[in-house]
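The values are calculated or read from the model by the stated rules, or taken from the named source; none is laboratory data. Here the structure is a predicted model, which is why all the values come from computation and not from measurement. Using ideal geometry, Cβ is built from the backbone for each residue, glycine included, and neighbour counts are taken over all protein chains shown. Heads up: the accessible areas ignore ligands, DNA and RNA and are worked out on the full protein's heavy atoms, side chains in. Shrake-Rupley method; radii C 1.70, N 1.55, O 1.52, S 1.80 Å.
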Protein chains: 4
Amino acid sequence: MSFNTFGRVLRFTSWGESHGVSMGCILDGIPPQLSLCQEEIQRDVNRRRSGLSRFTSQRKETDQVRILSGVFEGKTTGSPVALQILNVDAKSKDYAEIAQLYRPGHADYVTQQKYGIRDWRGGGRSSARETVMRVAAGVIAKKILGEKIVVRAGVSQIGSLAVDCERWDWTHCSHDNLFCPDRKTLPRWQALLDQARKEGTSLGGRIEAQARGVPAGWGAPLYAKLDADLAAALMGINAVKGVEVGAGFAVVSRDGKQNADEMETSDSGAPNFLANNAGGILGGISTGQDLKLSLAIKPTSSIRLPLRTIGADGKGGLKGGVIETKGRHDPCVAIRAVPVVEAMIALVLADHKLLHRAQCG
Amino acid sequence: MSFNTFGRVLRFTSWGESHGVSMGCILDGIPPQLSLCQEEIQRDVNRRRSGLSRFTSQRKETDQVRILSGVFEGKTTGSPVALQILNVDAKSKDYAEIAQLYRPGHADYVTQQKYGIRDWRGGGRSSARETVMRVAAGVIAKKILGEKIVVRAGVSQIGSLAVDCERWDWTHCSHDNLFCPDRKTLPRWQALLDQARKEGTSLGGRIEAQARGVPAGWGAPLYAKLDADLAAALMGINAVKGVEVGAGFAVVSRDGKQNADEMETSDSGAPNFLANNAGGILGGISTGQDLKLSLAIKPTSSIRLPLRTIGADGKGGLKGGVIETKGRHDPCVAIRAVPVVEAMIALVLADHKLLHRAQCG
Amino acid sequence: MSFNTFGRVLRFTSWGESHGVSMGCILDGIPPQLSLCQEEIQRDVNRRRSGLSRFTSQRKETDQVRILSGVFEGKTTGSPVALQILNVDAKSKDYAEIAQLYRPGHADYVTQQKYGIRDWRGGGRSSARETVMRVAAGVIAKKILGEKIVVRAGVSQIGSLAVDCERWDWTHCSHDNLFCPDRKTLPRWQALLDQARKEGTSLGGRIEAQARGVPAGWGAPLYAKLDADLAAALMGINAVKGVEVGAGFAVVSRDGKQNADEMETSDSGAPNFLANNAGGILGGISTGQDLKLSLAIKPTSSIRLPLRTIGADGKGGLKGGVIETKGRHDPCVAIRAVPVVEAMIALVLADHKLLHRAQCG
Amino acid sequence: MSFNTFGRVLRFTSWGESHGVSMGCILDGIPPQLSLCQEEIQRDVNRRRSGLSRFTSQRKETDQVRILSGVFEGKTTGSPVALQILNVDAKSKDYAEIAQLYRPGHADYVTQQKYGIRDWRGGGRSSARETVMRVAAGVIAKKILGEKIVVRAGVSQIGSLAVDCERWDWTHCSHDNLFCPDRKTLPRWQALLDQARKEGTSLGGRIEAQARGVPAGWGAPLYAKLDADLAAALMGINAVKGVEVGAGFAVVSRDGKQNADEMETSDSGAPNFLANNAGGILGGISTGQDLKLSLAIKPTSSIRLPLRTIGADGKGGLKGGVIETKGRHDPCVAIRAVPVVEAMIALVLADHKLLHRAQCG
């Protein structure tokens, strides 16, 4: 409802700017008596952290998460959990130029148009730094989902170089700095990224995500459709320009027979689906199959190569010119988006678990 | 928040089942003093109506819209506008078979799993018939947007046959039963659809949509992002499996320079964008350029060709078997989705217009 | 969120004007598989109906409720239940005068100020007629609560004549047209009402309500406090000017010892509360005791006695003057508010039952 | 929607427990470009602070407010403003006894019943300490309202000793530690409070509040009624047991003529209301008159006098007994509630200002 909150009964609210004193979030509606400690949250936050490899931004944030409320003697109390992370390596002077020029592909111009004022330091509220709080809250969401539900994501393509999906290895994916699911592809991506950095440009990427273990019946026929909520959650991640469920855009050129997910009765009485083109969601409700989602992430907008742009007063009063962004940026933001994608999916699913329980017991 | 409502300050709620006595919706939060009459709403509803051509379902619904509240002497009063349409050509006996067998690709199985009860007549609440109310409400949304904002959509691909986007003709598109933007492509699509029908199968489709005239500044940096709200609205239309904003999945294989939307200062002081890869939205906020959206729509799940499936008690107690759907179905649901896409975009934009006014005056 | 909806996971939305074609509501979020038929709803609606005695408005509405959706083979499906009642005895010409003059104590003036347009027929959207839909929806709410929870209300005072609470008889209350809990008081109230009508004036009233069987634990420590939600629900009933929980305003002149609800351990381990000054709610959460609520209802604003007022264009353009309201009005609206009070309490409690289940299982 | 958030387009969310590391809140939806600094917020927070006189709790909290986000170069940016206050004088050992015994009149028992876990230190989330954040956020709400709208409150009664409303002096009220509007009453209240403290008991109180300058037209005819929203906001303040609008419960014994707020046309065309029994709200919408609200606040539940209670495992396993609360408590919580009442009213009004702008421009 509000501009910085999402969720229906499990509600996430974040605050903070990239170069403010700290970032924070509140997760509200958490069931009581779940065990929770800072270390667990830290683990996932570290996966997203910058500076882990030469392929991500060199901003050195320690990203130490602190639980400020909602936990008593190691367990959630049902009260809102507030989490906070200090910003310790904000170098606003790197951004002085963008006080004067709008960066193409960023929210600089539209923020000024909307609000008539802009915290230009590091992109302010529109910085991808905000996603660290989603990752932190996502840990709690996973707790609500329980261990039988596994949410995971990996990079399937960087630039024009896609992995061979036949070779997808989740174990490799989860331990790799590039979240690459195929060890053979890894060195080729590294070379690609090194080259992009050298050329002063950046690369787009594609992410595949999966949620295994979601029971049939979560979601709703209409305006709380599981796929619609997931689409909003994923499209709301910085730089995402496309979202697919199941076969996605491939369905366009198929006929109804090819795209059918036929069913057989299994011994347990549960259906055996003979395919999963639907990506685990029919009519907005989970089928019990794996949820399958894909995302397109645009190349980082901040590049060293010169781009024409306009002066930052929005009225042409400032002289436009050419901008060459020199801040510390990721050559491919898809990489660091992986834990964010997992967190957003977990948050949506946890909300739907509770919503389903509300209506259907 | 609720399962049958969407919107933040302009809120749409619908009710009704495909074969119930009637369908209806409420649009709440409408500004007062807008002129509104049934005929205007009827016009758009008729565009979506079935039976208009041999390429859509032969169910003969008159779809007469009635305004039940919220209008006084031809103008909105600020009270909720309730709209109702009677169902007059529901033939539930055509659906008797699906009381016994779950149709693959439909919500039959998941509805039973979620609720433990299922109104199987015509698909009940999950039928695309519900979308008629969105089209009706969309007319009011367009009034809120005003005449300077034009929202329109067309079919860009059926099966593997795409239109040549260079030949896109909005005038042709808006008058054509197939919402085809290119007169040269039209006969080829007609042949394709006739063949699919003859073979007892169906075809997927792709829709392109545009909103022209949206000022810079609508949306929000985070959880009311314009693109995220649009993604949810479009993914929530029946059969949609993918949504793109701007260049969409094409961004994956681009570099940052190729994908940049550079800017120059125009004489008016407003920026000239040199490209629109972003699709008119940056950081969740409109840029003032055209909004550009694409959708993938799966082939109609109900086909005459036999599909294996399971018995409808969900426990294997009923004998599974083969289903050959004989009801009256569209060979390509993308066609009739076009006015629904326009309506959903208009509803989201109108909500954001009011939201922006709430915060920024 | 929206202006015509309340509830969090069980959401009620109403539409319709007093003299429009019909009134309606939607109740969304209803658990599936509850038995429901029109007759059950009709029973409660009839309790509220006008024309039942000479002490209520003589408008003759049949108030026939029709279920339009959400029920299949006698059971709720989990889809929204839409209810509709036709307006059959609207006499707008009785109201022609109020097109020209604002009635003191009514929403006429403020509606014009807010919206710049006003459906003056019968008070439009602000008419107490809208409450019929709350009563209808309340029947479903009571089903969600189950038979162990009993919500009931009665009139405890009309004008300056209060019942002796020691003589409170719920059986008498529920069968009486005036919802009077004491047969000895009844004739005195009848005389009082006859006199008020004869004098062309009206009387205020007080209502006491109770919910028995609510388990400990519903509500929330902060912004979903059970008492706060109930206060909003009751203050939102037409003509209500005060709401009390438990001892209400009597607590002001008490000390902490007098007002304490001490506890003893019962044999079952559940607490024996030695008093219920809190009215069954502590810190926003139910205690397991009876919920106790009181309301003050102002005398009907429409009276035959002349009242000075202003012309209805809101700008002084129309000549002000004296208004003597001749429509068909209740001499004491507290009477007919009783079923509305019960319905609103039931709706709030049912929402909280589901909310509690969402978070705490 | 969520349990720790209120507001529709201006949304307040709080977190933190009485004896946790800190308290905080987020205010979201704030219009951009309002000047805002910590000192302004501190001023109001100090008014509520404990330890200011011998009549309030002796807990010594400095209550230093820190703005963590949403302000850039002294102005709001439209991003959420996060505020934080450290807890520096929490003495949890004072509360050790309540780990073993439920305090009558507190949320101890119901919290355990609801969540199965309880942060007993200082009452945890249910402590009135949370209200400090409402006061802080209320300062921003007042900025949104602008200087023409004045929201103020005072204590009108302590125990059985009411002020003479004829002698109401807002200037005295605002500077007095007891928020007493009449200098003659003040010494008598001081004596009463000293006596209550000496006796180990506490006193109830009554608060009157006023909002001046609210234009006609805020609110809504139905489920965003201004009076209903205010009733929820005020009933949601700790220890409040009754809320009145305008004449409140006095309307019960009036007739329609006595209670009428007649109108005359003024020279400006705006109406002259000849009375304000409605308290400035008709049909849920502001009339342009002063808003008038009253509250009943129960005597502090924590008293030194012995009260019977039960053991804190909720199952009778712990021995019940007698509790004599020795923590640092206010003898009359109505006093410190005054700034909280003002803040809650300001927050509701600011939300309605923005809501009105959303719909009506």
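Structural remarks
- Count of segment C:200-224 residues which are in contact (Cβ under 8 Å) with a residue 60 or more places away in the chain and closer than 27 Å to D:Arg11 by Cα: 7
- Filtered by the rule that a residue be crowded, with 24+ Cβ neighbours inside 10 Å and either among the small types (Gly, Ala, Ser) or in contact with a His (Cβ under 9 Å, 6 or more places away or on another chain) (or both), segment A:193-203 gives a lone residue, A:Ser202.
- Residue in segment A:330-338 that is assigned to a strand (DSSP E or B) and open to solvent by less than 10 Å² (accessible area, probe 1.4 Å) present: no
- Residues that are more than 7 Å from chain B (Cβ to nearest Cβ), outside any helix (DSSP H, G or I) and open to solvent by 20 Å² or more (accessible area, probe 1.4 Å), drawn from segment A:237-263: A:Asn238, A:Ala239, A:Gln258
- Residue count, segment D:171-185 (criterion: within 15 Å of D:Val341 (Cα to Cα) and open to solvent by 30 Å² or more (accessible area, probe 1.4 Å)): 1
- The single residue among D:Arg49, D:Arg43 that is away from chain A (no Cβ under 14 Å), of a type outside the set (Val, Ile, Thr) and under 28 Å from A:Arg66 (Cβ atoms) turns out to be D:Arg49.
- When D:Thr77 is tested against (1) more than 10 Å from chain A (Cβ to nearest Cβ); (2) in contact (Cβ under 8 Å) with a residue 40 or more places away in the chain; (3) polar (S, T, N, Q), only condition (1) is not met.
- Which listed residue, of B:Val155, B:Val132, B:Val163, is farther than 30 Å from B:Ile67 by Cα, open to solvent by less than 10 Å² (accessible area, probe 1.4 Å) and touching a strand residue (DSSP E or B) at 6+ places or on another chain (Cβ under 9 Å): B:Val155
- Residue selected from segment B:1-21 under the condition at pLDDT below 95 and of a type in the set (Gly, Ala, Ser), by the criterion farthest from the chain's Cα centre (by Cα): B:Gly20
- Breaking point among (1) within 14 Å of chain C (Cβ to nearest Cβ); (2) under 21 Å from D:Thr300 (Cα atoms); (3) in contact with a Cys (Cβ under 8 Å, 6 or more places away or on another chain), for D:Phe179: (1)
- Scan of segment B:68-79 for residues that are open to solvent by 10 Å² or more (accessible area, probe 1.4 Å) and either in contact with a His (Cβ under 9 Å, 6 or more places away or on another chain) or part of a strand (DSSP E or B) (or both), ordered by number: B:Val71, B:Phe72, B:Lys75
- Of all residues making up segment B:25-35, the number that are open to solvent by less than 10 Å² (accessible area, probe 1.4 Å) and either more than 12 Å from chain C (Cβ to nearest Cβ) or over 20 Å from the mean Cα position of the chain (by Cα) (or both): 2
- C:Ala233 vs. criteria closer than 27 Å to C:Cys173 by Cβ, hydrophobic (A, V, I, L, M, F, W, C) and more than 7 Å from chain D (Cβ to nearest Cβ): yes
- Considering segment D:41-60, and only residues there that are open to solvent by less than 30 Å² (accessible area, probe 1.4 Å) and in a helix (DSSP H, G or I), the residue that is modelled with the lowest pLDDT turns out to be D:Arg48.
- Evaluated against (1) more than 7 Å from every other protein chain (Cβ to nearest Cβ); (2) surrounded by fewer than 24 Cβ atoms within 10 Å (Cβ to Cβ); (3) under 28 Å from D:Gly246 (Cβ atoms), C:Arg206 falls short on exactly one condition, (1).
- Any hit, segment D:304-311, residues being outside any helix (DSSP H, G or I), free of Cβ contacts under 8 Å to residues at least 12 places away in the same chain and open to solvent by 30 Å² or more (accessible area, probe 1.4 Å): no
- Residues satisfying the stated conditions in segment B:264-302, i.e. of a type in the set (Gly, Ala, Ser) and surrounded by fewer than 20 Cβ atoms within 10 Å (Cβ to Cβ): B:Ser266, B:Ser268, B:Gly269, B:Ala270, B:Ala275, B:Gly288
- Where a residue in segment C:288-303 is facing another protein chain (nearest Cβ under 8 Å) and in a loop (DSSP other than H, G, I, E, B) and its partner, wherever it lies, is surrounded by fewer than 24 Cβ atoms within 10 Å (Cβ to Cβ) and of a type in the set (Ser, Thr, Tyr), with Cβ under 6 Å and at least six apart: C:Ile303/C:Thr201
- When segment B:264-273 is filtered for residues that are of a type outside the set (D, E, K, R) and more than 7 Å from chain A (Cβ to nearest Cβ), the ones remaining, listed by number, are B:Ser266, B:Ser268, B:Ala270, B:Asn272, B:Phe273.
- Every listed requirement among (1) surrounded by fewer than 17 Cβ atoms within 10 Å (Cβ to Cβ); (2) aliphatic (A, V, I, L, M); (3) within 8 Å of another protein chain (Cβ to nearest Cβ) is met by B:Leu222 save one, (1).
- For segment C:80-102, the candidate set comprises residues that are free of Cβ contacts under 8 Å to residues at least 40 places away in the same chain and of a type outside the set (Lys, Arg); within that set, the residue that is least open to solvent (accessible area, probe 1.4 Å) is C:Asp89.
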